[in-house]
Amino acid sequence: MIEVHNVQKSFDGNQVLRGINCTFETGKCNLLLGGSGTGKSVLLQCIVGLMKPDIGSITFDGTVFTNNKVDIKQEIRRKIGMLFQGSALFDSMTVAENVEFPLKMLMTEMSREERLDRVEFCLKRVGLENAGTKMPSEISGGMKKRVGIARAIAPNCTYLFCDEPNSGLDPLTSIKIDELIHEITHEYGITTVVVTHDMNSVIEIGDHIIFLYKGQKLWDGNKDEILNAKVPELKEFIFSSSLVRAAKKVDDETHGGLAAATTDEAINI
Amino acid sequence: MVKSFGEFLLFIQSMLFRKERFSVLWNRTVDECIIIGVNSIFIVAIVSAFIGAVTCVQIAYNLTNPLIPKSTIGYMVREMTILELAPTITSIVLAGKVGSSIAGGLGTMRITEQVSALEVMGINSASYLVLPRIVAAMLMFPLLVILAMSLSIIGGYLAGSLTGALSAQEYVEGIRTDFIPYNIVFALIKSVVFAFLVSAIAAFKGFFTSGGALEVGAASTDAVNNSIIAILVADFALAAILL
Ligand SMILES: Nc1ncnc2c1ncn2[C@@H]1O[C@H](COP(=O)(O)OP(=O)(O)OP(=O)(O)O)[C@@H](O)[C@H]1O
Ligand SMILES: [Mg+2]
């Protein structure tokens, strides 16, 4: 479980995060939802330690991360896997070398054979067992995301962070990526945080959703509750998509939970 | 100016503070030596051979006084290339080639979040990415300068004989007159200092790029401009101190 206590961050007087309190639960896909410029990426960077919050602290399973000693921070960092918005693969290395890289750097006790086994396993897990020898420039955006996920989970991470995993992907590919993240989360019981503004992801994988608006948390709950949320800003946000409006209609007509109104049905309307 | 110099010092310090394992850094350094050293041999060879040749021909053109022996031409080619042209011109050429590639490479890694990816893994990205490049440059520049010295003297020899400005014997005689070994040491010291300046300035510019592809280009240009100026200032300072 990751706890965020009163995190504030501003850039040259422009306050981006205005005191955020939230928790990301273990074994669940926690979504950070919000419009462009609401500070989702900034909050994510504060959590993983790429940025320092001005005020507030972040706790990983009871261990304080912010302002702690370097080796304690380092210990937590080793448990963090991250998928970047642009995948951020090292372009001088092959796909397999990219996945092997964190093992080589962090898990010095592993032998070369163990590492290669693990690489093979992770690539297989994301469905890329044949792409190991390719260079990042030779694979598609969706495949890059998969490699990014494989690299993030390679060292057996406890916390997985994904910044807009389906930006720039077609709807089908992005659903597949979402499913992959969801499966991995439940398979290994890790704490996953996904930054998104995609309602499809919300309906697909939103075990726990946190809605950010202008640097504040306005709402949190799960995917079954979100369509009936009373917060006006959130309603405006979700129902800006006609697909979601259609899904909601189906939901109301059938009186089923949102689980009944999958995106597939929404598309069929 | 003062502020960015302070940031530069902090950057160098951060690189040395929390280092990665030696074996990792060593492997990276060897890779960089190939990129910086081996891949620069061709351009350094061409430039230095022609500089030696042109120096020889132009000194011959200027030395018309029959009282001065022709071997003086060989002597002057040696002094000019070893002391000044080989280390300085080679470093300026390498500032263009190596400096821009370091700044461009690191800048691209920064804007595509590859640097952040390293940081998230708990790797000191400055030490992992930058230290091997600086060490490799400091190992390779002197070797390239030795190559440049030899080739410019050979270039002068060929030019002198081919144009008939002086005979091969006279040239060799000039080359061997009043040789001061310290000059070579001095030139190598210069090349190590220039190597540090070029690689560290380029790394600094590239590492702190923000924005997009346009900024990466600007960082490369800045890196080359600043390192050439730094080379010339350091050249003067070292000459004043060490000679
Ligand atoms: N390094 C920075 N320096 C200054 N301002 C920044 C910096 N990073 C982010 N900001 C500002 O913080 C605000 C929130 O940015 P952020 O990237 O977190 O938005 P976001 O919610 O991730 O949006 P998007 O969905 O478009 O990615 C923006 O107004 C941005 O200008
Ligand atoms: Mg963002």
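The values are calculated or read from the model by the stated rules, or taken from the named source; none is laboratory data. None of the values given here were measured: they were computed from a predicted structure. Backbone-built Cβ (ideal geometry, glycine too); neighbour counts: all protein chains shown. Heads up: the accessible areas ignore ligands, DNA and RNA and are worked out on the full protein's heavy atoms, side chains in. Shrake-Rupley method; radii C 1.70, N 1.55, O 1.52, S 1.80 Å.
Points worth noting:
- For chain B, the Kirkwood hydrodynamic radius from C-alpha pairs, put into Stokes-Einstein at 25 °C and a viscosity of 0.890 mPa s, yields a diffusion coefficient of 128 µm² per second.
- Shielding of B:109-119 by partner chains, average beta-carbon count, 10 Å: 6
- The Cβ shell under 11 Å around A:Val244 holds other residues with a net charge of +2, Lys and Arg each +1, Asp and Glu each -1.
- Scattering curve values for segment B:156-243, log₁₀ I(q)/I(0), Debye with Cα scatterers, q = 0.11, 0.16, 0.23 Å⁻¹: -0.55, -0.78, -1.00
- Candidate lysines for bridging to B:Lys70, where Cα separation is under 16 Å - those fewer than 8 sequence places away on the same chain excluded: none
- Site pair A:Ile72 and B:Ser4 shows an inter-label distance of 3.9 nm when each label is modelled 7 Å from Cα along Cα→Cβ.
- Estimated 222 nm signal from helices in the protein assembly as shown, with DSSP H stretches of n ≥ 4 weighted -39500 (n - 2.57), rounded to 500: -18500 deg cm²/dmol
- Gain in span if fully extended, B:Leu63 to B:Val38, counting 0.36 nm per residue against the direct Cα distance: 5.2 nm
- Using only alpha carbons, the protein assembly as shown has a radius of gyration to Kirkwood radius ratio (Rg to Rh) of 1.14.
- Degrees, to the nearest 10: B:71-80 long Cα axis against longest axis of chain B: 10 degrees
- Degrees separating the helix B:181-207 axis from the principal Cα axis of chain B, which is the longest one: 30 degrees
- Cα gyration tensor of segment B:25-94 - equivalent ellipsoid semi-axes, whole Å, descending: 35, 10, 8
- The local environment of B:Leu242, defined by Cβ-Cβ distances under 14 Å, has a net charge of -1 under the rule Lys, Arg +1 and Asp, Glu -1.
- Taking packing as the residue-averaged number of other Cβ atoms within 10 angstrom, the listed peptides B:53-60, A:56-63, A:119-126 run from highest to lowest as B:53-60, A:119-126, A:56-63.
- The relative contact order of chain A comes to 24 percent, based on Cα pairs under 8 Å that sit 6 or more residues apart.
- Cross-link pairs beyond the 21 Å C-alpha cut-off, checked among A:Lys144/A:Lys176; A:Lys176/A:Lys249; A:Lys40/A:Lys214; A:Lys73/A:Lys124; A:Lys79/B:Lys205: A:Lys176/A:Lys249; A:Lys73/A:Lys124; A:Lys79/B:Lys205
- Per-pair calculated FRET efficiency, R0 = 25 Å: B:Phe50 and B:Ala218 via Cβ, rounded to 0.05: 0.20
- Given R0 = 45 Å, the distance between the Cβ atoms of B:Leu162 and B:Tyr182 translates into a calculated FRET efficiency of 0.90.
- Across segment A:91-157, the relative contact order, built from alpha-carbon pairs under 8 Å that are at least six residues apart, equals 50 percent.
- Take segment B:30-238 with all the other protein chains still there, run a 1.4 Å probe, and you get 42 Å² of accessible area per residue.
- In segment B:64-120, the convex hull through the Cα atoms has an average projected area of 5.6 nm², a quarter of its surface area.
- Computed over protein heavy atoms with a 1.4 angstrom probe, the accessible surface ordering of B:Thr221, A:Thr185, largest first, is B:Thr221, A:Thr185.
- Neighbour net charge for A:Gly142 - beta-carbon separation under 13 angstrom, K R +1, D E -1: +1
- Alpha carbon centroid spacing (whole Å) that separates segment A:1-42 from segment B:90-137: 31 Å
- Where A meets B: accessible area buried, both sides, 1.4 Å probe, Å²: 1700 Å²
- Between A:Asn14 and A:Asp252, the FRET efficiency from the beta-carbon distance, with R0 = 35 Å, is close to 0.30.
- Tail fraction, Cα-Cα pairs, chain A, threshold 28 Å, whole percent: 37 percent
- For segment A:91-157, pairs of C-alpha atoms spaced more than 15 angstrom apart make up 42 percent of the total.
- Hits among aspartates and glutamates - C-alpha to C-alpha of B:Lys190 under 16 Å, sequence gap 8 or more where chains match: B:Glu79, B:Glu84, B:Asp235
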